[in-house]
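Each remark here refers to the structure printed beneath this line.
The values are calculated or read from the model by the stated rules, or taken from the named source; none is laboratory data. Bear in mind the structure is a predicted one, so any value in this text is a computation, not a measurement. For neighbour counting, all protein chains shown are included, and Cβ atoms are generated from backbone atoms with ideal geometry for every residue, glycine included. Note: accessible area is taken over every heavy atom of the protein model, side chains too, but ligands, DNA and RNA are not part of it. Shrake-Rupley method; radii C 1.70, N 1.55, O 1.52, S 1.80 Å.
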Amino acid sequence: MNIQWYPGHMTKTRRQIEADLKLVDVVVEIIDARVPVSSRNPDIDTICAGKPRLIVLNRADQADPAQNKAWAVHFRSQGHSVLETDAKTGRGINQFSAIIQGVLKDQIAKWREKGQVGRPVRAMVVGVPNVGKSTFINKVAKKKSAKASDRPGVTRGKQWVHVDQSLDLLDTPGILWPKFEDETTGMNLAFTGAVKDEIMDIETLGCHFMALLGDRYPQALMEGYKLTEVPAREEGENDAAWGYRLLQSCAARRGMRISGGEVDTERMARVLLDEYRGSKLGRFTLEVP
Ligand SMILES: Nc1nc2c(ncn2[C@@H]2O[C@H](COP(=O)(O)OP(=O)(O)OP(=O)(O)O)[C@@H](O)[C@H]2O)c(=O)[nH]1
Ligand SMILES: [Mg+2]
C-alpha cells in the first residue's frame, strides 16, 4: 500500500513556517506517542534546525504507558526536552510553561541582561495533521481559540493565540512531506488519522491494521471483537490476505452483512479504524525505540 498525501496547502504552510521562524523563540514539535518515529516530519527537522525545540509526546493516553516512558528517555538521550501530554483532557499541560522556561534558560538570561525583563516567549507549534496541535494550544491558553476537530487538515492558516503576558503561541496547519521513506511510515500515519481517509482504500488499510493487531495485540483483537481465537496466519500468507480473513471474522461476529448474506468487510474496516482512533481497543504503541 503506497500512501502519499502532500497537497498544495502543505507546500504553502511549509514556506510560511520557514518565514515565521524568525518571529519565534522556540519550536514546539508535537508528535503522536503511538507512532513517535512516523509522526516526526523530517522537513520540520530541517527547517527548524538551530531553533530551540521542545518535543511534545501527545496522545499519550492512547499509547502504551511503558512505551511513553521509553520514548521520553530515548528523545532525552538525544538531547531533546520532552513533555508527555494528553491534550484532550489536559494531562501534562501544566508543566509546559516550566519546561519552556527551561529550554530558553540562556535566552531569557540574555534578555534580562539587556533589560528586556518580562519579554513574552513566542512559540511556534508544528506537527503532522491531526496530532492535536490546536487542542494543545487551547488547553495551554485555557480557552477555545483555535479550531480543533478529529480529522486531518482542520487548521488552514496560521493563528496567534495570546496565552498571557509571558507567552504567545502560533498555531500552524499540519504538514506531511512529499515522499514517505517507506510503506510503514505512510500506513502508521494513516492508521492514526494523520492522512485523509478519502485518499486511501480504507478496506485495504483495514486489512493491514488487522494484521498488525493480529501479530502484536491478538488479545485486544479477541476482546474487542469477541473472537474465541484469532485465525492463524497461514504459511506464506501476506498481511493483506491474512488481515482480510481477520476482517471477515470480526465482521461475522458483529453481524455486519451486505445483502446476499456476505460479510461486510469494508464496513468492518471503517469500524476497526474508528474504534482504534477512538481509543476503544486499547493503548497501543506501534513503534518501539
Ligand atoms: N485521545 C486524545 N485525543 C486528542 C489528543 N489531542 C488531541 N486530540 C483529539 O484529536 C483531534 C484532533 O485535534 P486537533 O487539535 O484538531 O489536531 P491538529 O493537530 O490541530 O490538526 P490539524 O489542524 O488538522 O493539523 C481532536 O478531536 C482532539 O480532541 C490527545 O492527547 N488524546
Ligand atoms: Mg489544528
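Yes or no: Arg34 at positive phi and buried (at least 20 other Cβ atoms within 10 Å of the Cβ)? Before the answer, list the steps.
Values: at positive phi: no; buried (at least 20 other Cβ atoms within 10 Å of the Cβ): yes.
No, not satisfied.
Inside the range 68-89, can you point out the residues that are closer than 20 Å to Asn130 by Cβ, open to solvent by 20 Å² or more (accessible area, probe 1.4 Å) and more than 16 Å from ligand 2 (Cβ to nearest atom)? Passing the criteria: Glu84, Thr89.
Among the residues of the range 49-61, those identified as of a type outside the set (Asp, Glu), surrounded by fewer than 22 Cβ atoms within 10 Å (Cβ to Cβ) and at pLDDT 95 or above are Lys51, Pro52, Arg53, Leu54.
Residues are listed down the side, and each one gets a yes or a no for (1) in contact with a Leu (Cβ under 6 Å, 6 or more places away or on another chain); (2) touching a residue at least 24 places away in the same chain (Cβ under 8 Å); (3) closer than 29 Å to Ala60 by Cβ:
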position: Ala240; (1), (2), (3): no, yes, no
position: Cys250; (1), (2), (3): no, yes, yes
position: Arg254; (1), (2), (3): no, yes, no
position: Ile258; (1), (2), (3): no, no, no
position: Arg267; (1), (2), (3): no, no, no
position: Leu273; (1), (2), (3): no, yes, yes
position: Leu281; (1), (2), (3): no, yes, yes
position: Pro289; (1), (2), (3): no, yes, yes
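Residues in the range 39-70 that are in contact with a strand residue (DSSP E or B) (Cβ under 6 Å, 6 or more places away or on another chain) and under 21 Å from Glu287 (Cα atoms): Ser39, Arg40, Ile44, Leu54, Ile55, Val56, Leu57, Asn58, Arg59, Ala60, Asp61, Asn68.
Tell me, yes or no, whether the range 158-167 has at least one residue that is open to solvent by 20 Å² or more (accessible area, probe 1.4 Å) and within 24 Å of Ser279 (Cβ to Cβ). No, the range 158-167 contains no residue that is open to solvent by 20 Å² or more (accessible area, probe 1.4 Å) and within 24 Å of Ser279 (Cβ to Cβ). Return yes or no: is Ile175 more than 30 Å from Arg112 (Cα to Cα), among the β-branched types (Val, Ile, Thr), open to solvent by less than 30 Å² (accessible area, probe 1.4 Å) and within 16 Å of ligand 1 (Cβ to nearest atom)? So Ile175 fits the description; yes.
Among the residues of the range 226-243, is any under 21 Å from Asp32 (Cβ atoms) and part of a helix (DSSP H, G or I)? Outline the logic, then answer.
Here is the first cut: in the range 226-243, the residues under 21 Å from Asp32 (Cβ atoms) are none.
Within the range 226-243, none of the residues are under 21 Å from Asp32 (Cβ atoms) and part of a helix (DSSP H, G or I).
Would you confirm, using the coordinates I've provided, whether Lys147 is at pLDDT 95 or above and more than 14 Å from ligand 2 (Cβ to nearest atom)? When the stated conditions are applied, Lys147 does not pass them. In the range 196-215 there is at least one residue matching the filter, namely being under 15 Å from the mean Cα position of the chain (by Cα) and not in a helix (DSSP H, G or I). Of the numbered conditions (1) over 16 Å from Pro289 (Cα atoms); (2) open to solvent by 10 Å² or more (accessible area, probe 1.4 Å), Met10 satisfies every one except a single condition; which is it? Just one mismatch for Met10, condition (2). Candidates are the residues of the range 117-163 that are touching a residue at least 24 places away in the same chain (Cβ under 8 Å), more than 10 Å from ligand 1 (Cβ to nearest atom) and assigned to a strand (DSSP E or B); the one that is farthest from His9 (Cα to Cα) is Val121. With respect to (1) within 16 Å of ligand 2 (Cβ to nearest atom); (2) within 18 Å of the chain's Cα centre (by Cα); (3) not in a helix (DSSP H, G or I), the lone exception for Trp177 is condition (1).
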